[in-house]
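The values are calculated or read from the model by the stated rules, or taken from the named source; none is laboratory data. The structure displayed is predicted, hence computed values, not measured ones. For neighbour counting, all protein chains shown are included, and Cβ atoms are generated from backbone atoms with ideal geometry for every residue, glycine included. SASA here: full protein model, heavy atoms, side chains in, ligands and nucleic acids out. Shrake-Rupley method; radii C 1.70, N 1.55, O 1.52, S 1.80 Å.
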Amino acid sequence: MNRAPLKRSRILHMALMGTSDLSGEAEASQGKPFLLRALQIALVVFLYWVTSISMVFLNKYLLDSPSLQLDTPIFVTFYQCLVTALLCKGLSTLSACCPGAMEFPALRLDLRVARSVLPLSVVFICMITFNNLCLKYVGVAFYNVGRSLTTVFNVLLSYLLLKQTTSFYALLTCGIIIGGFWLGVDQEGAEGTLSWTGTLFGVLASLCVSLNAIYTKKVLPAVDGSIWRLTFYNNVNACVLFLPLLLLLGELQALLRFAQLGSAHFWGMMTLGGLFGFAIGYVTGLQIKFTSPLTHNVSGTAKACAQTVLAVLYYEEAKSFLWWTSNMMVLGGSSAYTWVRGWEMKKVQEEPSPKVEEKSSLGV
């Protein structure tokens, strides 16, 4: 009974860290003093929070800032993918030149592998595009509620695609999330700040996040289980697929008319957004490595709460009690789902196998 959870854990670690052996890291972690491990965990969680929150606020500035007046969300997403692909290739070259200084997998563009990754790349493009479009049309404070249905889609897709059923308590937490989402939409409408376009993009982004997790597991063998190779191919494919969209949507023409096209500040902020996009994958993997997938989910929920409060304070918004209630329902439901799933997994691992029970009954 312990074999399946171990396999899932190993796949998750491979997906996020690009490795296939956890035993050495587990032994190294156990050998470290408690204070050192606590400081490492605190630093990693801090890095994850700072990177994630900074990326959201920076993307909001690039996508919907009155001072920029840049209406090219696809180009912003394209440029961030380009920066990520170049960073991956640069780090791979640096690792090959200085093997003792850092470790990074060798990256070579293989068209056969690129074609194998293409289905995931399409989902990946939809995910990051819908994320940015949601952020463009809704406020940062409502952003987490607007794209809060990822857990619900995980449960739905697990049943439709994998035929996996979900317990009553897990479904109950999903109901709380859905209730919080609808209450948030209602309160945004009551305050006159609701964007149905942004909300729709948020729902589509939630769906694509769930699909991305499913396709990632399927595609990982094509890149030898390396998340960095997968990141490289995903972003290279995205850059190629974004080019016709930029032409069809007229964003290249809009970019040429952009008043700050030659501004070093503008390109600096764009590049910084790409760096944050690259870094978020790394710090997410670090947080899971030094804590656990469940702790990572709890940390993400707490981060979302802090991000919402910061957004309300920064933009000097006044929110009603019911609006805050909707956020608490979404965050509480997400935390409860994480706890329920963790409890269920632990219970399955602790249950004795049928063979053990049979031997006990026979007195063997």
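Some values worked out for this structure:
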| quantity | calculated |
| --- | --- |
| Accessible carbon and sulfur surface of the chain relative to its total accessible area, %, 1.4 Å | 67 |
| Calculated on alpha-carbon atoms, Rg and Dmax of the chain in Å | 22.0, 84 |
| Residue pairs, from the table LYS217/LYS289; LYS60/LYS303; LYS218/LYS347; LYS89/LYS218; LYS289/LYS346, whose Cα atoms sit over 21 Å apart | LYS218/LYS347; LYS89/LYS218 |
| Packing-based order for 124-130, 170-176, using average beta carbon neighbours within 10 Å, highest first | 124-130, 170-176 |
| Anisotropy class of region 239-287 from Cα gyration tensor, a/c 1.5 cut | oblate |
| Inter-label distance, nm, simple model (7 Å from Cα along the C-beta direction), PHE34/ILE214 | 4.4 |
| Over the chain: helical MRE at 222 nm, DSSP H runs n ≥ 4 each giving -39500 (n - 2.57), nearest 500 | -27000 deg cm²/dmol |
| Separation of alpha-carbon centers, region 234-257 and region 143-195, rounded to whole Å | 32 |
| At R0 = 22 Å, FRET efficiency that the Cβ-Cβ distance of GLU103 and ALA306 yields, to 0.05 | 0.10 |
| Euclidean distance of C-alpha centroids, region 272-332 and region 81-100, integer Å | 29 |
| Highest-first arrangement of 48-60, 142-154, where packing means the average Cβ count within 10 Å | 142-154, 48-60 |
| FRET efficiency, 1/(1 + (r/R0)^6) with R0 30 Å, evaluated for TYR61 and ALA190 via beta carbons | 0.65 |
| Inter-label distance for LEU86 and ASP71, nm, one decimal - labels placed 7 Å from Cα along Cα-to-Cβ | 2.8 |
| DSSP H segments from the chain that extend 24 Å or more along their own axis, Cα-based, with Kyte-Doolittle mean of -0.5 or above | 34-64, 73-97, 111-137, 168-190, 196-219, 227-248, 264-290, 293-314, 321-350 |
| Length gained when the stretch VAL298-LEU243 is fully extended (0.36 nm per residue, less Cα-Cα span) | 16.1 nm |
| Solvent-accessible area per residue, Å², over region 34-349 with all protein chains present [probe radius 1.4 Å] | 49 |
| Normalised contact order of the chain, rounded percent, pairs of Cα under 8 Å and 6 or more residues apart | 33 |
